[in-house]
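The values are calculated or read from the model by the stated rules, or taken from the named source; none is laboratory data. Everything numeric in this text was worked out from a predicted model, so none of it was measured. Positions of Cβ are backbone-derived with ideal geometry, glycine not excepted, and every protein chain shown enters the neighbour counts. These accessible areas exclude ligands, DNA and RNA; they are computed on the full protein's heavy atoms, side chains included. Shrake-Rupley method; radii C 1.70, N 1.55, O 1.52, S 1.80 Å.
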Amino acid sequence: MSTRERLLKFVKEAQPYLAVILLQFGYAGSAIIAKSALNHGMSHFTFAVYRNAFATLVFAPFAIVLERKIRPNMTVSIFLKIMLLGLLEPVIDQNLYYTGLRYTTATFATAMCNVLPALTFMLAWILRLEKVNVRRLSSQAKIVGTTVTFGGAMIMTLIGGPTIGLPWTRHLLSTTTATSASLTELQPIKGALFIAAGCICWACFYNLQAITLKTYPAALSLTCLICSAGAVQGTALTLVAERGNTSIWSIHLDTKLLSYVYSGMVTSGVGYYVSGLIMKDKGPVFVTAFNPLNMVIVAILGSFILSEQLNLGRVLGGAIIVIGLYLVIWGKSKDQKLSKYSSTDDVEVEPVGKETSTTKSLNQTKAGDEAV
């Protein structure tokens, strides 16, 4: 194999990893911008509606043109799955997550979302989308990693500890500690419950998306349908939950509009589409396995932009979550190697020196000709 072929092979194998890493940067930016908008009075109900509406308007023309030949016909089963997908993540998960974000910090919220890979793995195991053999070391690593991840999330939620003064936030301790205490210290359990409930819906969404892509492989069209279904259902929910409050629908050139557009295009549009492409080959567990990177990015950006403080309990819990997820990723990679080896072993190869049926018939024909 030449150097060029090796390079092309490496780039091809690295594409899914690079894609999910870039997604985490996009998700981190969304969390920072959304937290800033929530601090300025943005309604999380209209946020979920507008972001999915923007995603639909931007990506629908591309889906209509680029996937017109591969888009399958709509059936009742596919339609119901799309409506459920639109309800699980764009409506329920997003409203629960951003409600929890009000009671915590962006760093805490993204750290709590690190339970998502563990939840996705458990559901994928139940739905048989993920192969698990408890006798294998790789499967044991995934199970142990899932348990460790939950433990780390509980440590982050229940244990506080001293505040870690970062060099660029130390001068803000005296002015921000009093105002942030009511959010980050007095209500972390309340926020964690909302975020954890949202993560359960998010895990269900990923697994259902993987199932739906098997019968509806047009990933970009599926993304637009999910966003449009979420926008419609979210509008109905908002009209009920915020009835009489028409001011929440107003749009101005401010942080709220930036949050609508950015989250719609990056988190909903690009996020759903790229995740769908990756999970076709890697599965839903792989897509969610890189969430700890999101936590690190948000922790750094949040301390700069939002002046958020870190404490020892959250850092310790986050480190434990990273260890648990490393075990899950390691087990997943081992399973993929084993599946490749098993598929290779399934190819039938004629043993050397053994007379095959074709060779035997040729020999018989040759012997008959010599006899004549």
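Structure summary
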item: First in the range 294-306 and modelled with pLDDT of 70 or more, second anywhere and open to solvent by 20 Å² or more (accessible area, probe 1.4 Å) and part of a helix (DSSP H, G or I), Cβ under 6 Å, 6 or more apart; result: N294/Y27
item: Number of the condition not met by M279 [criteria: (1) at pLDDT 90 or above; (2) among the aliphatic types (A, V, I, L, M); (3) open to solvent by less than 40 Å² (accessible area, probe 1.4 Å)]; result: (1)
item: Within the range 108-142, tally of residues that are part of a helix (DSSP H, G or I), touching a residue at least 24 places away in the same chain (Cβ under 8 Å) and not aromatic (F, W, Y); result: 21
item: Long-range neighbours under 6 Å by Cβ, at least six apart or interchain, first residue closer than 11 Å to S139 by Cα and among the aromatic types (F, W, Y) within the range 325-338, second in a helix (DSSP H, G or I) and modelled with pLDDT of 80 or more; result: W330/A141
item: Options T99, T75, T110; residue that is open to solvent by 10 Å² or more (accessible area, probe 1.4 Å), more than 24 Å from I211 (Cα to Cα), out of contact with any strand residue (DSSP E or B) (no Cβ under 7 Å at 6 or more places or on another chain) and not aliphatic (A, V, I, L, M); result: T99
item: The range 246-275, residues that are over 20 Å from T223 (Cβ atoms), in contact (Cβ under 8 Å) with a residue 12 or more places away in the chain and not charged (D, E, K, R); result: I248, W249, I251, T255, L258
item: Residue selected from the range 36-72 under the condition over 20 Å from H252 (Cβ atoms) and assigned to a loop (DSSP other than H, G, I, E, B), by the criterion least open to solvent (accessible area, probe 1.4 Å); result: E67
item: Test: residue in the range 78-88 that is modelled with pLDDT under 90, in a helix (DSSP H, G or I), β-branched (V, I, T) and open to solvent by less than 60 Å² (accessible area, probe 1.4 Å); result: no
item: Answer residue from the range 152-175, given it is open to solvent by less than 30 Å² (accessible area, probe 1.4 Å) and not in a loop (DSSP other than H, G, I, E, B) and is modelled with the lowest pLDDT among those; result: T157
item: Any chance F10 is open to solvent by 60 Å² or more (accessible area, probe 1.4 Å), in contact with a helix residue (DSSP H, G or I) (Cβ under 7 Å, 6 or more places away or on another chain) and either within 22 Å of I251 (Cβ to Cβ) or in a helix (DSSP H, G or I) (or both); result: no
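Conditions tested, residue by residue: (1) polar (S, T, N, Q); (2) open to solvent by 50 Å² or more (accessible area, probe 1.4 Å); (3) at pLDDT below 90.
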{"position": "A192", "(1), (2), (3)": "no, no, yes"}
{"position": "A218", "(1), (2), (3)": "no, no, no"}
{"position": "L222", "(1), (2), (3)": "no, no, no"}
{"position": "Q233", "(1), (2), (3)": "yes, no, no"}
{"position": "T246", "(1), (2), (3)": "yes, yes, yes"}
